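The values are calculated or read from the model by the stated rules, or taken from the named source; none is laboratory data. Being a predicted model, the structure only gives us computed values, none of them experimental. All Cβ positions, even for glycine, are placed from backbone atoms using ideal geometry, and neighbour counts span all protein chains on display.
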Amino acid sequence: MRVLSIAIPTCVAEDFDGEIVALNLDTGLYFSFPGLAGAIWRDLNAGHPAERVVTELAAANDVLGHDASRFINSLVSHGLLRENGEAASVLPEPEYRALVERGDFDLTFTAHDDMVDLVMTDPIHDVDEATGWPVFHDSA
Amino acid sequence: MTVREAIAARADPPGAIGSAGLTAYLRQIIARARALPQGVLTTRRFQIAGQSMVARFSDEARANLYASRLPTAGSCTARREPEFHVDVLETARLGWPAPGRWHDPLSSRDDFDRMLERAGLRALPPYMPRLWEFMVREENWAFQLTETPLDLPVWEAGAPLRIPLHWASLDRGRRLVHGATLGDDRAAVLITGPGGTGKSGLTLTGIAHGLKTVGDDYVVIEPGNPPVAWQAFRLLKQDRAGIARLPGLAARVSDSRPNWQGKLELDPESLFPGCMAASQPIRAILVPHIGAATETRIEPIEHKFALDALARSTLQQFPSQRASGFLFCTGLSKTLPCFGIALSQAPGEIAATLKRFIEGLGT
């Protein structure tokens with residue numbers, strides 16, 4: 001079973017009152033995972049195997065199970081989580097369980113590309129094709 | 001052979017500093033600075049966001065200029081934090097060899113940062129010849145090395161020691177951001193956006209009508225509930241067109257000369273005594289834009305627009321720790337209500353609208 005965790009150093013993420021914002025430093029894309037998506041993010045990082053999460057969500061709702069599988073695969077394909085191969089011996093109660101039990105099946109999340117240029121480029125010392133790095137700005 | 005390989009195949013220019021010799025070079029500067037006899041350097045003390053800063057200068061005139069532009073000790077309650085030190089050194093005055101020139105065309109930015117981190121150092125990438133800014137992290141001690149002040153970027157005098165201040169803030173969980181504030185001791189707004197969107201003009205208008213500010217260009221933000229903005233620099237910048245919009249102000253600043261942006265750099269306390277606050281609690285983010293509106297309008301905006309306005313200019317100007325900077329800006333834009341302000345052309349009306357808005361902000 002796949003145990004996933006945040007793909008350091010490629011990915012940085014922070015929890016803002018339950019909403020996870022994750023940034024991929026290689027692509028410049030950042031993602032927002034509110035509600036159930038944020039809960040699944042935290043549960044995966046806590047060590048809950050991906051397959052177990054999907055199986056349990058599918059038992060609650062077929063469509064949710066399918067969505068969860070796609071969601072988790074996209075976390076990996078976008079370079080936000082990676083397999084770490086270490087299964088925790090004691091796992092906390094997963095957060096998604098309480099949300100699903102009260103009928104919250106909304107796995108919406110958003111991806112943003114408006115920071116790509118800011119994250120990816122290095123405006124101070126971009127490489128110049130002729131002179132290499134750094135590009136000097138002569139003050140004389 | 002690629003262009004970069006061809007460059008690497010050439011001999012390094014004499015006196016060039018490459019990856020192999022970088023940390024040794026910086027350590028050499030540190031040792032020279034530590035060995036300077038007492039009295040060679042002029043000392044000035046500042047206090048920024050409650051942290052004491054001790055700056056030593058090889059040029060007394062520069063010490064006095066910076067002392068007029070940085071908050072001095074006692075401007076707010078000092079925290080129980082280690083002092084931050086910065087040595088501002090000019091090799092021409094000290095009789096040292098001119099600053100070495102960085103030349104390592106195969107080095108990447110990440111390699112540069114990692115190499116220094118392993119050595120316990122942090123440095124601004126040397127994008128200007130004859131300018132080195134770096135710090136010894138464990139000692140809270142930064143260095144700015146030039147041959148003469150002419151080697152500094154043109155914006156340095158308007159925000160002196162901006163990079164060391166940024167580093168000092170980072171290591172205390174605070175951050176220097178590109179923005180302005182207006183308000184009072186109970187509530188203030190953080191005004192953010194790229195250059196030309198009206199931050200400085202709005203700030204000047206606000207203080208001319210009785211509001212207070214901690215700065216119009218860079219402020220230190222301390223996360224919290226609410227976040228707190230701290231004064232970083234004691235000056236405002238405004239072009240003559242913006243000054244002309246305020247009755248009587250142009251005559252009071254007629255002797256001032258414009259800076260590299262065509263703006264006058266003004267001591268706000270001399271113009272509007274009592275207008276500079278040491279700190280202000282921030283209750284909202286405001287993103288201005290200059291328009292031809294007949295009346296000023298303030299309307300809610302999605303946090304992502306405030307994030308873009310705040311992060312874009314802040315991260316461009318402070319590229320170190322870009323990832324944590326992005327998350328810092330994200331946190332602010334999510335914690336605070338965000339608004340756009342469409343500015344009219346009437347300073348009095350702008351100020352009145354802003355005052356009503358700030359009075360309505362919760363505590």
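Of the candidates B:ALA8, B:ALA98, B:ALA92, B:ALA78, the single residue that is modelled with pLDDT under 95, more than 20 Å from B:ARG137 (Cα to Cα), in a helix (DSSP H, G or I) and of a type in the set (A, V, I, L, M) is B:ALA8.
Kindly provide the set of residues from region B:179-192 that are surrounded by fewer than 24 Cβ atoms within 10 Å (Cβ to Cβ) and in contact with a Leu (Cβ under 8 Å, 6 or more places away or on another chain), ordered by number. Once the filter is applied, which keeps residues that are surrounded by fewer than 24 Cβ atoms within 10 Å (Cβ to Cβ) and in contact with a Leu (Cβ under 8 Å, 6 or more places away or on another chain), region B:179-192 yields B:ASP184, B:ALA187. B:LYS199 falls short of the stated requirement of being under 22 Å from B:THR72 (Cβ atoms), away from chain A (no Cβ under 14 Å) and basic (Lys, Arg).
Residues of region B:227-243 that are modelled with pLDDT of 95 or more and surrounded by fewer than 24 Cβ atoms within 10 Å (Cβ to Cβ): B:PRO227, B:VAL228. Taking the criterion of being crowded, with 16+ Cβ neighbours inside 10 Å, assigned to a strand (DSSP E or B), in contact (Cβ under 8 Å) with a residue 24 or more places away in the chain and of a type outside the set (Gly, Ala, Ser), the residues of region A:1-36 that qualify are A:LEU4, A:ILE6, A:CYS11, A:LEU23, A:ASN24, A:TYR30, A:PHE31, A:PHE33. Kindly establish whether A:ALA60 is out of contact with any Gly (no Cβ under 7 Å at 6 or more places or on another chain) and farther than 25 Å from B:CYS329 by Cα. So A:ALA60 fits the description; yes.
Is it the case that region B:288-301 has a residue that's aliphatic (A, V, I, L, M) and touching a residue at least 60 places away in the same chain (Cβ under 8 Å)? Checked region B:288-301: at least one residue is aliphatic (A, V, I, L, M) and touching a residue at least 60 places away in the same chain (Cβ under 8 Å).
Among the residues in region B:314-322, are any touching a strand residue (DSSP E or B) at 6+ places or on another chain (Cβ under 6 Å) and either away from chain A (no Cβ under 12 Å) or of a type in the set (Gly, Ala, Ser) (or both)?
Quick first cut of region B:314-322, residues touching a strand residue (DSSP E or B) at 6+ places or on another chain (Cβ under 6 Å) only: B:314, B:317.
With either away from chain A (no Cβ under 12 Å) or of a type in the set (Gly, Ala, Ser) (or both) added as a condition, the list becomes none.
The answer is no, given that none of the residues of region B:314-322 is touching a strand residue (DSSP E or B) at 6+ places or on another chain (Cβ under 6 Å) and either away from chain A (no Cβ under 12 Å) or of a type in the set (Gly, Ala, Ser) (or both).
Of all residues in region A:11-27, those that are farther than 22 Å from A:ALA68 by Cβ and more than 10 Å from chain B (Cβ to nearest Cβ) total 2. With B:VAL177, B:VAL220, B:VAL189, B:VAL214 as the choices, which residue is more than 18 Å from B:ALA311 (Cβ to Cβ), β-branched (Val, Ile, Thr) and either touching a residue at least 60 places away in the same chain (Cβ under 8 Å) or in contact with a Phe, Trp or Tyr (Cβ under 7 Å, 6 or more places away or on another chain) (or both)? Only one candidate passes the filter, namely B:VAL214. The residue of region B:90-121 that is surrounded by the fewest Cβ atoms within 10 Å (Cβ to Cβ), among those that are touching a strand residue (DSSP E or B) at 6+ places or on another chain (Cβ under 7 Å) and within 14 Å of another protein chain (Cβ to nearest Cβ), is B:ARG101.
Note on region B:233-352: enclosed helices (runs of 4 or more DSSP H) holding 1 or more residues that are among the β-branched types (Val, Ile, Thr) are B:240-244, B:303-317, B:322-335.
Residues in region B:122-178 that are of a type in the set (A, V, I, L, M), under 19 Å from B:GLY195 (Cβ atoms) and in contact with a helix residue (DSSP H, G or I) (Cβ under 6 Å, 6 or more places away or on another chain) were compared, and the one that is nearest to the other protein chains (Cβ to nearest Cβ) is B:VAL177.
May I ask you to list the residues in region B:326-339 that are more than 10 Å from chain A (Cβ to nearest Cβ) and surrounded by fewer than 23 Cβ atoms within 10 Å (Cβ to Cβ)?
We begin by selecting, within region B:326-339, every residue more than 10 Å from chain A (Cβ to nearest Cβ); these are B:332, B:336-339.
If the condition is that a residue be more than 10 Å from chain A (Cβ to nearest Cβ) and surrounded by fewer than 23 Cβ atoms within 10 Å (Cβ to Cβ), then B:LEU336, B:PRO337, B:PHE339 are the ones that fit.
Conditions: (1) within 14 Å of chain B (Cβ to nearest Cβ); (2) in a helix (DSSP H, G or I). A:TRP41 meets all but one. Number of the miss? For A:TRP41, the exception is condition (1).
A single entry from B:LEU211, B:LEU176, B:LEU202 fulfils the requirement of being of a type in the set (A, V, I, L, M) and over 24 Å from B:PRO273 (Cβ atoms): B:LEU176.
Residues are listed down the side, and each one gets a yes or a no for (1) touching a strand residue (DSSP E or B) at 6+ places or on another chain (Cβ under 7 Å); (2) without any contact (Cβ under 8 Å) to a residue 40 or more places away in the chain; (3) within 14 Å of chain A (Cβ to nearest Cβ):
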| site | (1), (2), (3) |
| --- | --- |
| B:MET276 | yes, no, no |
| B:SER279 | yes, no, no |
| B:ALA284 | yes, no, no |
| B:PHE305 | yes, yes, yes |
| B:ILE341 | yes, no, no |
| B:SER344 | yes, no, no |
| B:GLU349 | no, no, no |
| B:GLY362 | yes, no, no |
